[in-house]
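The block underneath contains the structure these notes are about, expressed in structure tokens.
Bear in mind these aren't lab numbers, they're just calculated from the coordinates by the rules spelled out. Computed from a predicted structure; not experimentally measured. Glycine also receives a Cβ, built like all others from the backbone with ideal geometry; neighbour counts cover every protein chain displayed.
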Amino acid sequence: VFDPWFFLYVFLFFGAYAHDFVQFILFKGTAKRWWNDQRMWYVKALSPYLFASIEYLMKKLGITSKGFNITSKVAGLDERKLYDQSVFSFANPSPMFVPLATVSIINLIAFLRGIMTIIFKMESLDESFIQVFIAGFAVVNCLPIYEAMLLRSDHGRMPKRIVTTSVLLSGVLCIAFSLTVS
């Protein structure tokens with residue numbers, strides 16, 4: 001953390017976010033909508049690109065896929081209300097939510113494990129600051145997903161089937177990773 005190049009990357013990271021925030025506000029956006037826009041970059045990076053890559057590989061391998069509707073195209077009054085409040089809606093069961101929820105759970109586990117390692121193993125913060133910071137940054141960006149999985153009772157709640165699938169998948173991935181690293 002004391003390497004001078006580290007501070008350049010920190011400056012670039014926060015500078016890019018500050019620049020984007022100022023641009024968003026200047027074009028009549030709100031801070032909450034900017035924050036949701038930042039989160040949408042993660043959504044776009046995880047689900048659509050993953051499914052598009054799988055679809056491309058299947059096509060190149062000659063495996064036919066049925067092609068599926070990613071989300072419902074019909075917006076009801078409940079969804080419109082959530083949109084107007086800048087709240088994410090996960091109501092329609094979609095395979096797109098599985099990677100989002102899985103990565104969210106894995107990041108939460110990584111963040112909590114990093115904090116526990118620092119506290120209980122008395123590990124120096126210098127050794128794990130970057131890893132804990134990145135996992136913490138991901139956790140903060142995934143707050144609407146955790147809320148949709150656990151806390152919400154409205155129409156925008158994430159379906160239980162997707163939550164269960166994501167919990168099982170993240171558990172399998174964490175166990176597999178811990179076995180390969182140990």
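Annotations for the structure displayed:
- In order along segment 52-64, the Karplus-derived 3J(HN,Hα) couplings, from 6.51 cos²θ - 1.76 cosθ + 1.60 at θ = phi - 60°, round to 5, 5, 4, 4, 5, 4, 4, 5, 5, 7, x, 8, 7 Hz, and Gly and Pro are given as x.
- Sequence-ordered 3J(HN,Hα) estimates for segment 102-114 from the Karplus curve with 6.51, -1.76 and 1.60 and θ = phi - 60° stand at 5, 5, 4, 5, 4, 5, 5, 4, 4, 5, 5, 5, x Hz, glycine and proline given as x.
- Here is the list for segment 1-43: trypsin sites (Lys or Arg not before Pro) lying in DSSP coil, each with at most 12 other C-beta atoms within 10 angstrom of its C-beta, are 28.
- The stretch between residue 125 and residue 6 holds 41.4 nm of extra length on full extension. This uses 0.36 nm per residue minus the Cα-Cα distance.
- Each residue of segment 154-164 is assigned a 3J(HN,Hα), and the resulting list reads 7, 5, x, 5, 6, x, 4, 4, 5, 4, 4 Hz, derived from the Karplus form 6.51 cos²θ - 1.76 cosθ + 1.60 (θ = phi - 60°), x at Gly and Pro.
- Principal axis box of segment 4-181, alpha-carbon based, largest edge first, Å: 50, 48, 38
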